[in-house]
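Student: For reference, the structure I am asking about is given below.
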Amino acid sequence: MLQQLEIHNIALIEKVSIDMGEGLNVMTGETGAGKSIIIDSINAILGERLSKDLIRTGKDKAMVEAVFHVDNSRLSDLYESLGIEPEEDGTLILSREFSISGKNTCRVNGKMVTVSILREIGQRLIDVHGQHDNQSLLRTESHIDLLDSFGGEEISALKQKYLGLLSRYKEIKSRLKGLAGDRNERERKIDLLKYQIDEIKKAKLKKGEDEELSKQRLLLGNAEKVISALSKAYEVLFSGSDTKSSASDGINDALSELNDIARLDEKYSSISKKLEEISYQLDDAIEEVRKERDCVEYNPDLLEHTEERIDLIYKLKKKYGNTIEDVLEYCKKTELELDEIIKSEEIVADLRDELDKLSDELYKAAKKINLERVKAAQVLENKISEELDDLEMKKSKFKVSIEFDDNVDTNGERKFTQSGLDKVEFLISANVGEPLKSLAKIASGGEMSRVMLAIKTILADVDSVPTLIFDEIDIGISGRAAQKVGEKLSFISKNHQVLCVTHLAQIASMSDSHYLIEKTSSEEATQTKVDKLGKAEVKNEIARILGGANISNITLKHAEEMLENSRKFKKSINK
């Protein structure tokens, strides 16, 4: 339920805070006072597209914030995906700030989200129905969804199973198209796959080979430097030069001198032993240096071969994967694909058999859905006819037309859609003697409004959206019909919070909470304000709607009578 709406700098509104109540909330006011601004603001919080023209003149940005009380389980999946911890008391705060530059800042309980997330949450909280929303009823393609919504879990479960079959059916059709497509294209595909497999296999790649080659290239590229360093080290450590003895000779000379005095003191003997250990370790190091020196060879041919190999591996990785493992895996998959194409005739035959079986299963599933829709349509027709009768369209007839299309095309295939094989359209005859025809051909806006209200009234029983908004759906109606519309809105508000913008006293008198939208002007600016009316103020506003600016005792008495009748009606429906 929408508990509070706060609006800053939108159109004529500088700052407004509205506390919404349960039941039927009615908004009235003179034409141009700014009632539509309230609806625009609610649409903003629901993630609808906005125009920067909505921002109040002279301001850089505008903001809307709405406080809801919700059943947390209703949004649990979204809370989890967004990482939002729900409030224990079910409080949910949505806000949206937008600027002239086009920047949008949206928040859910203080956490920044995208406009699309705001829209997804909003769709679960509020359903807006305006005079222009009748257009959705004029779109025949929307009728099947409305019928399915009314059909409830029975149709939903059947559709879920049907959609699973349809997904597999489309997948197989796609594979068949690829396997049994154009012969020349198929041959080109085979040639390409063979070339790729041959190119990879000829390279005879080994896992980790690129790393080893990189090391080898580094050594080969620096061979002369390595040989020089090892030779110099060998000379310093072992062979020495004409002018300088080697480290080995020096250590051996020192060891000889110490051995001569080792018997004189144990500490000289200890030093001698340490030098012996160093001598042995040095001999080992000298041997290793010699071996490494003799192994290293400057081989420009081997370096060139290594470079070419590294370049080949680089090109293959660029074409087929980031690593040698990826390239080898690509080769495996390509071999399987080639094998599948070569064996395609056999595979195509198997897939066609599976497709035929799936087609039969889909047909049966679509037929079951059709039977459930027919049942639901009969109930819906009766219920909407009752509603239209209540709305003073007693002579009208409402019909749900369902055509089950089981025709096959030239390929022997049925036209399975996401909704099955049914074509659904709502038809109506508004007057005796007139044939049933499409809703689009109803001339009267009042009739269309009442048909829409009847449908929404019925669907409200199966619709869990807590708040419904009706924006001036009373256009084109008056008198008894207007009275019935008011009663219907009051009835809906038993189980839903309803917000209604209206110009009619019959509807306004049914309110549980009444808000007056007024435009005030000063020398500096014009602005819209919203006031929640008390009982006496409600009577005066009803009288104003009835009689215009001049409120007389007669209009006040009439207003009191209407409010009393409304109280009796609400009591009769146990509201």
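Student: Considering only the chain, what is the antiparallel percent among its DSSP beta bridges, to the nearest 5?
Tutor: 75
Student: Hey, with R₀ at 51 Å, roughly what FRET efficiency would Thr57 and Glu403 work out to, going by the Cβ-Cβ distance, to 0.05?
Tutor: So the FRET efficiency works out to roughly 0.45.
Student: How many angstrom separate the Cα center of segment 153-196 from the Cα center of segment 514-554?
Tutor: 65
Student: Just to check I understand the Karplus step: with θ = phi - 60° and J = 6.51 cos²θ - 1.76 cosθ + 1.60, what whole-Hz values come out for segment 141-149, glycine and proline as x?
Tutor: Each residue of segment 141-149 in turn: 5, 7, 5, 5, 5, 5, 5, 5, 4 Hz.
Student: Report the rotationally averaged projected area of segment 41-130 based on its alpha-carbon convex hull, in square nanometres.
Tutor: On the way: hull surface 24.4 nm².
For the Cα atoms of segment 41-130, the hull's average projected area reads 6.1 nm².
Student: Find the relative contact order for the chain and round it to a whole percent, using C-alpha pairs within less than 8 Å whose residues are 6+ positions apart.
Tutor: Computed over the chain, the figure is 22 percent.
Student: Same structure again: Under a 5 Å amide H to amide H cut-off, with H placed in plane at 1.01 Å, what residues pair with Glu14 once short-range neighbours are removed?
Tutor: The answer is Asn9, Thr528.
Student: Based on other C-beta atoms within 10 Å, arrange Leu24, Leu192, Leu205 from fewest to most.
Tutor: The order, fewest Cβ neighbours first, is Leu192, Leu205, Leu24.
Student: On to the next question. Taking the number of other C-beta atoms within 10 Å as the exposure measure, put Arg188, Arg49 in order starting with the fewest. Working shown, then result.
Tutor: Values: Arg188 11, Arg49 8.
Ranked by crowding around the Cβ, least crowded first: Arg49, Arg188.
Student: Taking the Cα centre as origin and putting +1 on Lys and Arg beta-carbons and -1 on Asp and Glu beta-carbons, what dipole magnitude results for segment 199-268, to the nearest 20 debye?
Tutor: So the magnitude is around 800 debye.
Student: Using the Karplus curve 6.51 cos²θ - 1.76 cosθ + 1.60 with θ = phi - 60°, what ³J(HN,Hα) values do you get for each residue of segment 54-63, in whole Hz, with x for Gly and Pro?
Tutor: So the Karplus estimates, Gly and Pro as x, are 5, 5, 4, 3, x, 10, 8, 8, 9, 8 Hz.
Student: Continuing with this model, one more query. What number, rounded to the nearest 500 deg cm²/dmol, is the helix-based mean residue ellipticity at 222 nm of the chain, given -39500 (n - 2.57) per DSSP H run of at least four residues and division by all its residues? Could you put the intermediate results ahead of the total?
Tutor: Values: 19 runs with 313 residues, N = 575.
Roughly -18000 deg cm²/dmol at 222 nm, from the helical runs in the chain.
Student: Once the Cα atoms of helix 300-320 and of the chain are each reduced to a long axis, what angle between those two axes, in degrees from 0 to 90 to the nearest 10, is obtained?
Tutor: That helix lies at roughly 10 degrees to the long axis.
Student: How would you rank Cys331, Cys295, going from fewest to most other Cβ atoms within 10 Å of each one's own Cβ?
Tutor: Cys295, Cys331
Student: Taking only Cα atoms, what is the 0 to 90° angle, nearest 10, from helix 153-179's long axis to the longest principal axis of the chain?
Tutor: The answer is roughly 40 degrees.
Student: Assuming a viscosity of 0.890 mPa s and a temperature of 25 °C, what translational diffusion coefficient in µm² per second does Stokes-Einstein assign to the chain, Rh being the Kirkwood radius over Cα pairs?
Tutor: Once the numbers are plugged in, D ends up at 76 µm²/s.
Student: Output the 0 to 90 degree angle, nearest 10, between the alpha-carbon long axis of helix 324-342 and the longest principal axis computed from the alpha carbons of the chain.
Tutor: Rounded to the nearest ten degrees, it is 60.
Student: While we're on this one: Would you please state the base-10 log of I(q)/I(0) at q = 0.12, 0.16, 0.20 1/Å for segment 192-328, with intensities from the Debye formula using one equal scatterer on every alpha carbon?
Tutor: -0.68, -0.88, -1.09
Student: Ile93 to Glu518: FRET efficiency via 1/(1 + (r/R0)^6), r the Cβ-Cβ distance, R0 25 Å, to the nearest 0.05?
Tutor: The computed FRET efficiency comes out at 0.35.
Student: Could you compute the FRET efficiency for Glu154 and Met112, with r as their C-beta to C-beta distance and R0 at 41 Å, rounded to 0.05?
Tutor: Calculated transfer efficiency: 0.50.
FYI, it's all coordinate maths here, none of it is from the lab. Owing to the predicted nature of the structure, the values given are computational and were not obtained by experimental measurement. With ideal geometry, Cβ positions are generated from the backbone for all residues, glycine too; neighbour counts draw on all protein chains shown.
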